[in-house]
Amino acid sequence: MDDVTLRLSVRDLAEADLPSCGWAGSPRHVRELVHQIRRAEAGEVDYLAVCTPVGLPVAVGGVDYVPAPGAGTLWQLGVHPALQSCGIGTLLIRAAEHRITARGLTVAELAVEDTNPRARALYERLGYRPFGHVPDAWDVEDEDGTLRWYETVCTLMRKSLA
């Protein structure tokens, strides 16, 4: 098999990207990304896209500076399912950490569902350490458009960027 090397870039997610982000979640989630883009424009968050040379996002995720004063909270991290385990998630997280340090902060935090050991292993490999657990819940849109309440437990993880 031949190897293919693809140059990826990281930039702010733009509203024009949203039609190409159907892989990132339900249609409702993708529509709600407009709100996160507005928050980014206001400086409350950074919302990043890892893109192919033609500008198509293959990973997205945010850093929220509101929930944990003095830290950047990584959230809504996702890589296109066909491209997982290729290092793209690591690229996204490193770019998010760079955004955090560019704001003069030295701590990154995130929450990972206890039912997602693969993601947790990635975060641990990148230096994140658990510091607590918290229940979490949100609306999930089913394929037929029905909303249902999803409940889970997350492990809180933290990394010093100093």
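The values are calculated or read from the model by the stated rules, or taken from the named source; none is laboratory data. In this text, all values refer to a predicted model and were calculated from it rather than measured experimentally. Don't worry about glycine lacking a Cβ; one is built from the backbone with ideal geometry, like all the others, and counts go over all protein chains shown. Heavy atoms of the whole protein, side chains included, go into the accessibility calculation; ligands, DNA and RNA do not. Shrake-Rupley method; radii C 1.70, N 1.55, O 1.52, S 1.80 Å.
Couple of notes before you dig in:
- Qualifying positions in the stretch 31-53 - more than 13 Å from the chain's Cα centre (by Cα) and part of a helix (DSSP H, G or I): 31, 32, 34, 35, 37, 38, 39, 40, 41
- For the stretch 54-69, residues that are within 15 Å of residue 97 (Cβ to Cβ) and not in a strand (DSSP E or B) total 2.
- Screening residue 116 against (1) surrounded by 14 or more Cβ atoms within 10 Å (Cβ to Cβ); (2) touching a residue at least 12 places away in the same chain (Cβ under 8 Å) leaves a single unmet condition, (2).
- Single residue of the stretch 70-103 satisfying the filter (in a strand (DSSP E or B) and open to solvent by 10 Å² or more (accessible area, probe 1.4 Å)) that is farthest from residue 137 (Cα to Cα): 79
- In the stretch 28-47, the residues that are aliphatic (A, V, I, L, M) and open to solvent by 30 Å² or more (accessible area, probe 1.4 Å): 34, 40, 42
- Candidates 106, 152: the one that is of a type in the set (Val, Ile, Thr), at pLDDT 95 or above, surrounded by 13 or more Cβ atoms within 10 Å (Cβ to Cβ) and over 18 Å from residue 63 (Cβ atoms) is 152.
- Scoring residue 10 on the criteria (1) closer than 22 Å to residue 97 by Cβ; (2) free of Cβ contacts under 8 Å to residues at least 40 places away in the same chain; (3) among the hydrophobic types (A, V, I, L, M, F, W, C) leaves a single failure, condition (2).
- Listed by first and then second residue, the pairs with beta-carbon distance under 8 Å, at least 6 apart or on different chains, first residue in the stretch 122-137 and under 19 Å from residue 86 (Cα atoms), second of a type in the set (A, V, I, L, M, F, W, C), are 122/93; 123/93; 123/110; 123/112; 123/157; 124/157; 126/93.
- Candidates are the residues of the stretch 1-13 that are assigned to a loop (DSSP other than H, G, I, E, B) and either closer than 23 Å to residue 141 by Cβ or of a type in the set (Lys, Arg) (or both); the one that is most open to solvent (accessible area, probe 1.4 Å) is 7.
- Residues of the stretch 1-22 satisfying the condition of being among the basic types (Lys, Arg) and either under 20 Å from residue 77 (Cβ atoms) or under 16 Å from the mean Cα position of the chain (by Cα) (or both): 11
- Of the residues screened, residue 25 is not one that is touching a residue at least 12 places away in the same chain (Cβ under 8 Å), surrounded by 17 or more Cβ atoms within 10 Å (Cβ to Cβ) and under 11 Å from the mean Cα position of the chain (by Cα).
- All conditions in (1) closer than 18 Å to residue 29 by Cβ; (2) at pLDDT 95 or above; (3) open to solvent by 30 Å² or more (accessible area, probe 1.4 Å) hold for residue 140, with the sole exception of (2).
- Pairing each residue of the stretch 73-89 that is modelled with pLDDT of 95 or more with any residue that is open to solvent by less than 40 Å² (accessible area, probe 1.4 Å) and among the charged types (D, E, K, R), provided the two are 6+ apart or on different chains, yields C-beta distances under 6 Å for 73/64; 73/109; 75/64.
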